Amino acid sequence: MRAIYVLWIRQIKRYFRSKSRIIGALGQPLLFMVAFGFGFGPIFQKAGQGNYLDFLAPGIIAQSILFTAIFSGIELIWDRQFGFLKETLVAPVPRLHIMIGRTLGGATIAAMQGVIVLCLALLLGFRPSLASIPAAILIMALTAILFTALGTAIASLLQDPHGFQLIMNFLVMPMFFLSGAIFPLSSAPDILVKISSLNPLTYCVDGLRAALTGSGHFGIILDLAVLSVLTAATLGIGSYLFSRMEL
């Protein structure tokens, strides 16, 4: 268990050593909230849907967690190429502990990123229900673990960082745009709602929206149940692939 803790803390320290990475990770969510929130806000309000920033903020928080969590998997490829991973794997600890430690480290960073974006949204005028913040943080944590484990699982199968980026571009952006983060599923065509219901990020966005604004589409209980099952399954798959990874 000590190995899990050491790798967990090491991942967090590595992240905070790079100030440019922190600023870059916050730039895109802030841009989305300002450009979309204030740009499309009047149109959204005229359509009778209320304050667009209140609708958009949970989706941007989920986007920030998704990007930070899943791209943490690329560190696995770089560590393999530069030999750092080999030094870790030769330690007399199970690979499962190594995978869990790395995943918890990446997930902690992603969840913290989500909290920071929530604070930025508050400064821009987002007004959530403060009583449901603990439920929102739980959803953030599950989402962060889910997508960090997914990134690690994919990176365990790849040798080339460029291949990882290609797969992420075909996976991450469609996942974000089809999650209902920037448009309400209640007014979307049925085919789009069905596709969105197969998207794991949809349940994160919907859960955060239900917790923070009380306007979820599926219901927070279903969101939590789906996220919990998917997180457990992805951790299991990621652990298996990581244990069979060749250096």
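The values are calculated or read from the model by the stated rules, or taken from the named source; none is laboratory data. From a predicted model like this one, the values you see are computed outputs, not experimental measurements. Here Cβ is always computed from backbone atoms with ideal geometry, including for glycine, and neighbour counts include all displayed protein chains.
Scanning the range 184-229 for residues that are of a type in the set (Asp, Glu), more than 18 Å from ALA131 (Cβ to Cβ) and surrounded by 23 or more Cβ atoms within 10 Å (Cβ to Cβ) returns a single hit, ASP206.
Flag not set for THR152, criterion: of a type in the set (S, T, N, Q) and either more than 19 Å from the chain's Cα centre (by Cα) or surrounded by fewer than 24 Cβ atoms within 10 Å (Cβ to Cβ) (or both).
The number of residues in the range 101-140 being farther than 24 Å from LEU31 by Cα and at pLDDT 85 or above comes to 6. If you go through the range 168-181 and pick out every residue that is part of a helix (DSSP H, G or I) and among the polar types (S, T, N, Q), you end up with 1. Does LEU158 satisfy being under 21 Å from LYS194 (Cα atoms) and not β-branched (Val, Ile, Thr)? No; evaluated as a whole, the condition is false for this residue. Can you name every residue in the range 123-142 that is closer than 20 Å to ASP54 by Cβ, assigned to a helix (DSSP H, G or I) and out of contact with any Pro (no Cβ under 8 Å at 6 or more places or on another chain)? Result: LEU123, LEU124, LEU130, ALA131, SER132, ILE133, PRO134, ALA135, ILE137, ILE139, MET140. Collect the residues in the range 73-94 that are buried (at least 17 other Cβ atoms within 10 Å of the Cβ) and either at pLDDT 80 or above or not in a loop (DSSP other than H, G, I, E, B) (or both), keeping them in residue-number order. If the condition is that a residue be buried (at least 17 other Cβ atoms within 10 Å of the Cβ) and either at pLDDT 80 or above or not in a loop (DSSP other than H, G, I, E, B) (or both), then ILE74, GLU75, LEU76, ILE77, ASP79, ARG80, LEU85, THR88 are the ones that fit. Is there a residue being crowded, with 17+ Cβ neighbours inside 10 Å, touching an Asp or Glu at 6+ places or on another chain (Cβ under 7 Å) and over 19 Å from GLY105 (Cα atoms) anywhere in the range 134-148? Checked against the condition, which is being crowded, with 17+ Cβ neighbours inside 10 Å, touching an Asp or Glu at 6+ places or on another chain (Cβ under 7 Å) and over 19 Å from GLY105 (Cα atoms), the range 134-148 yields no hits at all. Just one of the listed residues (GLY207, GLY214, GLY219) is under 16 Å from ALA57 (Cβ atoms) and over 19 Å from the mean Cα position of the chain (by Cα), namely GLY214. Screening the range 44-56 for residues that are outside any helix (DSSP H, G or I) and in contact with a helix residue (DSSP H, G or I) (Cβ under 9 Å, 6 or more places away or on another chain) and picking the one that is modelled with the highest pLDDT gives ASN51. If only residues of the range 234-244 that are surrounded by fewer than 19 Cβ atoms within 10 Å (Cβ to Cβ) and part of a helix (DSSP H, G or I) are counted, the one that is modelled with the lowest pLDDT is SER243.
Could you pull out the residue among GLY24, GLY59, GLY41 that is at negative phi, buried (at least 21 other Cβ atoms within 10 Å of the Cβ) and at pLDDT 65 or above? The conditions single out GLY59.
Selection over the range 182-233 of residues that are outside any helix (DSSP H, G or I) and at pLDDT below 90 gives a count of 11.
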